[in-house]
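Comments concern the structure below.
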Amino acid sequence: MTKVVTLGQFIIERQSEFPYAKGELSRLLRDIGIAAKIVNREVNKAGLVDILGEAGTMNVQGEHVKKLDIYANEQFISALKSGGECSMIASEENEDVIHVNSAVSKNAKYIVAMDPLDGSSNIDVNVPIGTIFSIYRRKTEKGMCTMEDVLQKGTEQVAAGYIIYGSSTMLVYTTGHGVNGFTLDPSIGEFCFSHPNMKFPSSGKIYSLNEGNYVHFPEGVKKYLKYCQVEDDETSRPYTSRYIGSMVADIHRNMIKGGIFIYPTTASSPKGKLRLVYECNPLAFIVEQAGGRATNGFKRILDVNVKEIHQRTPIFIGSTDMVEKAEEFMRQYSPEL
Ligand code: P6P
């Protein structure tokens, strides 16, 4: 019988990776894990929403039923506020940053950026969805945080992770010392260590992008897509197309099997659709820590200058060989971007 290691035990055991840490980051990761379990419970009930009442209606308990992404946002904010280790939050659901000004939190050293429930349009069709989070050390010493504290490059992240609410619920995170995965065991209500030292396969045969946007793709993406689709036994082409439409799910699958996920510029998203601060930077940190690659087609995502919290970016992320090949086509056919 293998020993079950919970997320909490793992975090404490690995605390030695931070010689000067006094446990704040460990407690912050624990707080996120607790909120993830609460969100998971509601996500799993989503299919029963008719019984519980549609979002915006009153359920049988007389409670107002919230949209799940609003609910998730509130749960993570509440956990971060009460945990006392976070002094400012940037969320996909909030236009402005949230200052955590309580006596216990206002000088806390960490900042959290998050997408509390990415892909929430997939909930109604029972497709996996995800939470994405990114943790920075604040740059200002103490007192009210400033935008300088949150508009930091991806290379400054101290930790990043995602929770995928799928056929099982997993929490995958890095603190810059590799990537580890934990699977929720509902029978004990704990995330249990299940995927040690996750490695992104250096090559793969899966490409993941919304081909419905083909007409407006940059020429380099069109050429790369055709490269993936032509017959070539030596390089096992044509590759396989897999697109879930839920970024965390697409990238998690590729991390296990190998592959590339691309969301380039399109007509409706001339700067790319996905958000740099709380989607692309945390996922890029995780993927790089697992040995993969993440760029905007030309430049490392983690090196992109951050100008505002809801900034968008094109993203090419996944198996290093595949991302580098796509970048070759971008340099050759879309150098102007
Ligand atoms: P499209 C979900 O809405 C999301 O933000 C990502 O999770 C996903 O990869 C992308 O948008 C899907 O966008 O335009 O292909 O529907």
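Of the residues Lys139, Lys153, which single one is basic (Lys, Arg), under 26 Å from Glu95 (Cβ atoms), open to solvent by 10 Å² or more (accessible area, probe 1.4 Å) and in contact (Cβ under 8 Å) with a residue 24 or more places away in the chain?
Lys153
State which residue is surrounded by the fewest Cβ atoms within 10 Å (Cβ to Cβ) when the search covers only the range 247-258 and only residues that are closer than 25 Å to Lys223 by Cβ and away from the ligand (no atom under 14 Å from the Cβ).
Looking at residues that are closer than 25 Å to Lys223 by Cβ and away from the ligand (no atom under 14 Å from the Cβ), I get Lys257.
Hey, Asn281 hits all of (1) more than 17 Å from the chain's Cα centre (by Cα); (2) under 15 Å from Gln157 (Cα atoms); (3) surrounded by 21 or more Cβ atoms within 10 Å (Cβ to Cβ) but one; which does it fall short on?
(1)
Which of the following residues is loosely packed, with under 15 Cβ neighbours inside 10 Å and in contact with a helix residue (DSSP H, G or I) (Cβ under 9 Å, 6 or more places away or on another chain): Pro201, Pro218, Pro196, Pro186?
Working: Pro201 fails: loosely packed, with under 15 Cβ neighbours inside 10 Å; Pro218 fails: loosely packed, with under 15 Cβ neighbours inside 10 Å; Pro196 fails: in contact with a helix residue (DSSP H, G or I) (Cβ under 9 Å, 6 or more places away or on another chain).
Within the list Pro201, Pro218, Pro196, Pro186, the selection yields Pro186.
Exactly one condition in (1) open to solvent by 20 Å² or more (accessible area, probe 1.4 Å); (2) touching a residue at least 40 places away in the same chain (Cβ under 8 Å) is false for Tyr243; which is it?
(2)
Listed residues Phe261, Phe298; which is aromatic (Phe, Trp, Tyr), open to solvent by less than 30 Å² (accessible area, probe 1.4 Å) and touching a residue at least 24 places away in the same chain (Cβ under 8 Å)?
The match here is Phe261.
Test Gln332 against the criterion of being polar (S, T, N, Q) and farther than 19 Å from Val221 by Cα, and give yes or no.
For Gln332, the condition - polar (S, T, N, Q) and farther than 19 Å from Val221 by Cα - is not met.
Hey, can you tell me all the residues within the range 81-104 that are polar (S, T, N, Q) and open to solvent by 60 Å² or more (accessible area, probe 1.4 Å)?
Initially, the range 81-104 is screened for residues polar (S, T, N, Q), giving 82, 87, 91, 94, 101-102.
Scanning the range 81-104 gives Ser82, Asn101.
Mind checking which residues of the range 192-243 are part of a strand (DSSP E or B) and within 16 Å of the ligand (Cβ to nearest atom)?
Matches in the range 192-243: Ile206, Tyr207, Ser208, Ser241.
Return the residues of the range 120-175 that are more than 21 Å from Asp96 (Cα to Cα), among the small types (Gly, Ala, Ser) and part of a loop (DSSP other than H, G, I, E, B); say none if nothing qualifies.
Within the range 120-175, Gly166, Ser167, Ser168 qualify.
Considering only residues that are more than 16 Å from the ligand (Cβ to nearest atom) and closer than 16 Å to Ile309 by Cβ, which ones fall in the range 116-139?
Ile135, Tyr136, Arg138, Lys139
Tell me which of these Ile111 doesn't satisfy, since it passes every other one: (1) open to solvent by less than 20 Å² (accessible area, probe 1.4 Å); (2) within 12 Å of the ligand (Cβ to nearest atom).
Result: Ile111 fails condition (2) only.
Which pairs have Cβ atoms under 6 Å, sit 6 or more apart or on different chains, and link a residue in the range 69-87 that is under 23 Å from Gly143 (Cβ atoms) to one that is among the aliphatic types (A, V, I, L, M) and part of a loop (DSSP other than H, G, I, E, B)?
So the pair list comes out as Lys81/Val100; Gly84/Val104; Glu85/Ala108; Cys86/Val100; Cys86/Ala108; Ser87/Val100; Ser87/Ala108.
The values are calculated or read from the model by the stated rules, or taken from the named source; none is laboratory data. Everything quoted here is computed from the prediction, not taken from an experiment. Please note: Cβ atoms are built from the backbone with ideal geometry, for glycine as well, and neighbour counts cover all protein chains shown. Please note that ligands, DNA and RNA were not included when accessible areas were found on the heavy atoms of the full protein model with its side chains. Shrake-Rupley method; radii C 1.70, N 1.55, O 1.52, S 1.80 Å.
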